[in-house]
Amino acid sequence: MFKGFQNYRTFAARFSFVLILLAAVIAGQTATPEFPDPGKTMSREKQQELGMKVAQQVYVQMPVLPDSSPETQYVRQLGQKLVATIPPQYSWPFEFHVVAQSEINAFALPGGPMFVNIGTITHAANEAQLAGVMAHEMSHVYMQHSAKQAGKAQTTGVIAGIAGAVLGGTVGGGAGGLVNQLGQMGIQMGAQGLMLKYSRHDESQADSVGAIILYKAGYDPQAMADFFSTLQAESGKVPPQWLSDHPNPGNRQAAIQKEISPWQAKHYQTDSAEFSEARKHATGTKAYTAQEIAQGAKSGQWAKINQQNGAVFSPAGGNALHSGAEGFSSEPRADVRATPLQSVLPSSHLVTANLGSLKIQHPEN
């Protein structure tokens with residue numbers, strides 16, 4: 001009798017241990033990811049001001065599709081779906097634009113303006129992969145990476161002189177100094193367009209936060225790593241600009257798998273009819289190479305073409321989403337008010353910004 005009771009106690013103890021283990025496993029697999037606190041850096045107002053000023057210059061240096069284009073309409077709708085996952089206290093007034101460039105790239109500026117190349121849309125295998133690229137870029141804004149780099153540099157007068165950086169070293173003798181300051185902030189501008197430089201640590205954080213955005217939006221976070229792996233494999237000897245600006249933090253696949261392993265399993269969305277339609281239209285839309293865009297920036301070609309097509313920068317979603325829009329053509333739209341070319345080009349009148357140990361000349365506007 002006593003021996004039987006001992007066996008029963010042993011069995012009960014082992015069974016209880018198994019139940020505890022099973023409960024731990026179930027609890028671990030039903031964890032809900034939470035957004036991290038991005039911390040404090042320069043004021044929101046200053047970040048938004050900087051982002052808007054640089055975004056305005058993108059419209060001078062690069063061919064941008066009008067807000068009414070099917071590609072922009074789709075990217076904005078997808079973007080807003082991703083934005084909806086971010087806690088309001090940490091979010092930004094994100095805006096979404098499409099650049100008529102054939103190479104794969106996307107970048108998001110401080111404060112929220114984001115630009116996605118047509119090449120990114122056409123090279124994505126499905127909506128989840130495109131959402132992954134966008135979520136990654138949004139995460140750089142969320143974590144305020146550019147602003148944190150700016151905090152390490154002397155930024156007095158940078159915003160006021162941003163137009164001088166666009167002209168590189170052609171304006172006055174001090175424009176190079178401003179370019180160096182922007183470089184310390186991780187922002188470079190010139191005839192090649194705009195580039196944001198991130199560290200491997202920044203990339204790891206953007207992958208991590210981007211995975212949370214994707215998961216909460218209903219996409220498999222692994223799609224982000226899949227797209228980057230494909231991009232890396234196809235880059236060959238000359239990597240695309242995205243890989244140049246975003247150093248690989250290591251094994252993305254393994255890192256993301258480890259992060260999402262405790263999250264509750266769900267049925268993920270992979271594709272949509274809207275993505276297929278936008279991708280099909282993007283394939284037939286006129287796009288330019290990086291070299292063509294650099295040449296056009298030097299001649300002032302894009303400011304004129306953007307104006308003709310109604311692609312005029314309007315902060316905070318000035319152009320509302322609407323359907324029935326035409327693509328990127330060389331003819332002006334009748335329903336868009338023309339903007340004088342001089343209003344978007346740098347002024348010929350130069351003023352001097354006194355930064356103490358440094359003086360720079362920049363266009364008045």
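For the pair Thr32 and Lys280, a Förster radius of 25 Å applied to the C-beta separation gives a FRET efficiency near 0.10, rounded to the nearest 0.05.
When the C-alpha to C-alpha distance is required to be over 27 Å, the pairs from Lys53/Lys304; Lys53/Lys216; Lys53/Lys280 that qualify are Lys53/Lys216; Lys53/Lys280. FRET efficiency for the Ala255 to Arg44 pair, using the beta carbon distance and R₀ = 25 Å, is estimated at 0.25.
Bear in mind these aren't lab numbers, they're just calculated from the coordinates by the rules spelled out. Since we're looking at a predicted model, the values are computed, not measured. Every residue, glycine as well, gets a Cβ built from its backbone with ideal geometry; the counts of neighbours run over all protein chains shown.
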